[in-house]
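Scroll down for the structure; my scribbles are underneath it.
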Amino acid sequence: MEALIPVINKLQDVFNAIGSDVIQLPQIVVLGTQSSGKSSVIESLVGRSFLPRGTGIVTRRPLVLQLVYTPKDDRENRSAENGTLDVDEWGTFLHAKHRIFKDFNDIRREIEAETERMAGANKGICPEPINLKIFSPTVVNLTLIDLPGITKVPVGDQPEDIEQQIRQLVLKYICNPNSIILAVVTANTDMATSESLKLSKDVDTDGRRTLAVVTKLDLMDAGTDAMEILCGRVIPVKLGIIGVVNRSQQDIMNNKTIQDALKDETTFLQRKYPTLANRNGTPYLAKTLNRLLMHHIRDCLPDLKTRVNVMISQYQTLLNSYGEDVKDKSQTLLRIIMKFASSYCSTVEGTARNIETTALC
Ligand code: GDP
Ligand code: NA
Ligand code: MG
């Protein structure tokens, strides 16, 4: 089943390569108010520190993050991307194609610089996404999208209609029926007033692609706990409600590692929520996401196949129109593209068959 996601990523590469945008791929979009912990959740899922995080508006352009599973002996990816590469994990940006980022602190600095370049230095936002790929032997192939947080009051260079602008920007990503929405809510605010759950409900009315993530479990007032929230008794969320503990601002300043944070998260959950500990926490969130993504891809496969087939027949028509005697480069190119498309199509088909015979969950 794990084989399904690489297929989708390959498809994305093929369609990118031929400059076509015909396939809408599943992706995970993180939605929430400013400083609710969206960027922190993404970092924990990836297992590396590389995102700008902090109080106030930090994420000011969408970040489309494609995780690419790259085994240590994957020569193809390594030599194609880098010649001789001496690290196991690295990143590349679409806007700086030829630069290999081996240091994850440099990735964060590049995101900051690229944000400033397009969105200015004074809290402005820009809808143009930053595209980052991270290659690693310890990730699953996922596309995650980090978004600016929902906000109400303009600050710095933000225009009067900042709330509307961010709303439009966020809607663009969550409206996509192929996206899974991670609606982030903080444990120390009232879930019933959650903007992210409200917004996700607007676009995902029957809740088929929304998962709630409750952050800041460690910051609840003395005498309160998140039991009711986590059990879905405050607001039920069909796909689930998963509580997490990310690093605090102090932890960030102390350079606390994600590994240490994950250990502390487990300890915290076992102490504070012993009966719920195995259904919460970042590792459980990652597992749930993988499962959802696979269900989602399975549901999309029939449509995906139709689209690839349409493309094949379009190219076939084009190829036929060249006639017998024209044997130039473009014809060869078309053949290659078609070969690609049909091999992907049969992979999709095979995968669909596989999934149908495998019990999911
Ligand atoms: P974003 O604006 O939604 O992307 O939020 P960030 O990930 O940038 O986090 C905002 C602030 O909240 C940072 O200072 C984080 O350290 C802090 N934070 C996020 N999640 C948690 C959490 O679970 N517990 C604690 N104590 N702090 C958190
Ligand atoms: Na923030
Ligand atoms: Mg952020």
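The values are calculated or read from the model by the stated rules, or taken from the named source; none is laboratory data. Quantities reported herein were computed from a predicted structural model and do not represent experimental measurements. So basically every Cβ, Gly included, is an ideal-geometry build from the backbone, and we count neighbours across all protein chains shown. To get the accessible areas, we keep the full protein, side chains included, count just its heavy atoms, and leave off ligands, DNA and RNA. Shrake-Rupley method; radii C 1.70, N 1.55, O 1.52, S 1.80 Å.
What the table shows:
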read-out	value
Over the range 184-229, relative contact order from alpha-carbon pairs under 8 Å, at least 6 apart, %	51 percent
Accessible area of residue 318 in the full protein assembly, 1.4 Å probe (Å², nearest 10)	80 Å²
Net lengthening on full extension, residue 121/residue 224 (0.36 nm per residue, minus Cα-Cα)	33.1 nm
Peptide ranges 132-139, 256-263 listed from the most packed, as the mean C-beta count within 10 angstrom indicates	132-139, 256-263
Amide H partners (placed H, <5 Å) of residue 68, local residues excluded	134, 135, 136
Pairs of Lys in the range 224-323 closer than 26 Å at Cα, counting only those 8 or more apart or on different chains	7
Net charge dipole size for the range 174-259 [Lys, Arg +1 and Asp, Glu -1 on Cβ; Debye, nearest 20]	280 debye
With all protein chains modelled, accessible area of residue 266 [1.4 Å, Å²]	60 Å²
